[in-house]
Amino acid sequence: MPATPQQYLEWWLTTGLGALKELVDKETVGCSPQHVGFEAIIQRRQRGFDNDAKLLEALRQYVDRLASRQTPEASCNPRNKLRELSLNTFKRLEDGGLDLDRVLEGLADLNVVELRRRRLVADTPLTFKPGHPAHSSAAMIQELNKKTTEKFGTFFMGFRASTVVLELLHSEATRKPAVEIMAVVNAVFPAQDLLMDSGDVSLVPYTDTLRDCIRFALLLHLMGNNPSAEKQQAFIQEKLFIWCGLPRYEVAYKAFTQYIEEFKTIETLCFNVLKLAETPTPRRKSGSRRPSFTPNSVVMVKSILKGSPQSPCEVAELAGAQRSISPEFVASAPPVPNPLLKGLPGREVSPSKTDGAAFAFDDPSAPKLRVKSTSTLSKTAFDQHPLAKDLNLDSREKAQLGLLLPKQKFRRKF
């Protein structure tokens, strides 16, 4: 995986500290911020620093040494990790917002989770013929993958920009020296995204041009007069969040919460597709109709109805336990309360058998008509889809999916 922000920060505060001090040294600029050529001088200095071949080679050797000592990634539950980050590091604004003491470690954890998600999607076959049981799930994964990648890019930039802004918001007495703040900038917005292995993938969502604009704006702010002043603080935030278009923390946090839910859905769908892809599709005889549902897809339908996608283990357990067959024709009303029973054709005349006043919109005190038995009033016949017998769903779930409909009657007997 790419070098973590914490690893970058450690290098810049030790081996690269001398180069950083030269970068933020105001005495060697030769002019003050009021001069016309001040910004051009700072921009040339920043470009020379970012493209220093000797400095880049030293940093690359450091990353190579880290890669040689890198241990295999510890197996962890990414869902638990995301929940932990949302509770402790990237919190709601009313709960404290971003935690500066944990943010660099949290950014590294987010990279690990996103790399796992991308590898899982890459290892999942997503090309199936339209009749295959995994076809719809694969299409859903492809669509969700695009949206989730965009969400990651939003909070990737937003969280990092908020980290730098919080460092700059301290008063002059409590704020870190400019060289240490620039080290944080190099950690969260590095000039080069160095990978530890040839098989790694860069997760940086912004272009090189945008990266250079961000780094130049921050360096210019640190080199200016009185960067702690309220006016200068407002100006640097305007540059980052408006001119550079970086998301504010509120936008980044919203994308983060949506990312967590989409991550769970993609993970569940990928595991389901992998299981369906391993199951051989039986050959169909000519003229025969066999359902394309599998036990796993049945459980997935039920979990979607309940609003709680289940893990692959739960899917396998439920699929093995639930194999009962429902008849194609239900002779009477379903045994559980069913929303289709309300407002059925024929039910509008039931008041005429039980309450004549209500049927005639008359005075409610009028005498009621009596019948010996009203048990037949709620009975009706239902038709269900031929394939519904292979879905182990109760009548309410079948009704919600449109698989269970009232049997049509061509005439009524009042």
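The values are calculated or read from the model by the stated rules, or taken from the named source; none is laboratory data. This one's a predicted model, so the numbers in the text were calculated from it and none came from an experiment. All Cβ positions, glycine included, derive from the backbone under ideal geometry; neighbour counts span all protein chains shown.
Odds and ends about this structure:
- Evaluation of LEU85 against (1) exposed (fewer than 14 other Cβ atoms within 10 Å of the Cβ); (2) at pLDDT 95 or above (one fails), failing number: (1)
- Single match in ALA58, ALA108 (criterion: within 17 Å of SER202 (Cβ to Cβ) and in contact with a Ser or Thr (Cβ under 8 Å, 6 or more places away or on another chain)): ALA108
- Residue match in region 46-57 (condition: aromatic (Phe, Trp, Tyr), under 17 Å from VAL179 (Cβ atoms) and surrounded by 14 or more Cβ atoms within 10 Å (Cβ to Cβ)): yes
- Scanning region 177-199 for residues that are without any contact (Cβ under 8 Å) to a residue 60 or more places away in the chain and more than 20 Å from TRP243 (Cβ to Cβ) yields a total of 3.
- Out of SER171, SER202, SER137, SER162, one residue alone is in contact (Cβ under 8 Å) with a residue 12 or more places away in the chain, more than 21 Å from LYS91 (Cα to Cα), in a helix (DSSP H, G or I) and of a type in the set (Ser, Thr, Tyr). It is SER137.
- Within region 88-125, the set of residues being closer than 13 Å to PRO5 by Cα and either part of a helix (DSSP H, G or I) or of a type in the set (Ser, Thr, Tyr) (or both) comprises VAL103, LEU104, GLU105, GLY106, LEU107, ALA108, ASP109, LEU110, ASN111, VAL112.
- Per this entry, GLU267 is not counted among residues that are of a type in the set (Asp, Glu), in contact with a helix residue (DSSP H, G or I) (Cβ under 8 Å, 6 or more places away or on another chain) and modelled with pLDDT of 95 or more.
- The set of residues in region 98-135 that are surrounded by fewer than 15 Cβ atoms within 10 Å (Cβ to Cβ) and of a type in the set (Gly, Ala, Ser) comprises ALA122, GLY131.
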